[in-house]
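Okay, so here's the structure we're looking at.
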């Protein structure tokens, strides 16, 4: 496999030197990858058709809900509301992890999430 990688790198380098990549569509813009690794192979085509028709699988909807809740946490100032949103976020992540049989990828946002949890001190009213 290592030899194949070297050959591919060599050909890419030669193409770059010839200028084959100068007029590539989308040059300078980030590539948006679609992660469908959680979808069973036999359902990928069906999910792709549904996505193109405007429908999203539940897993993607859950990820969007998690992202929305994390974005909301950034702007909240009320500690009780932050606590409620963190509880909601924990529940959403747990449900998504259980459904996918693998953890939600929150590497970038995990540091922020931990900082918020450390800062929250809720005074319970009695």
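Here, each number is a calculation from the coordinates, and none is a lab measurement. Keep in mind that what you see is a predicted model, and the values were worked out from it rather than measured.
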Spherically averaged projected area in nm², based on the convex hull that wraps the Cα atoms of the range 56-100: 2.9
Full-stretch length increase - residue 95, residue 10 - with 0.36 nm per residue and alpha-carbon distance subtracted: 26.0 nm
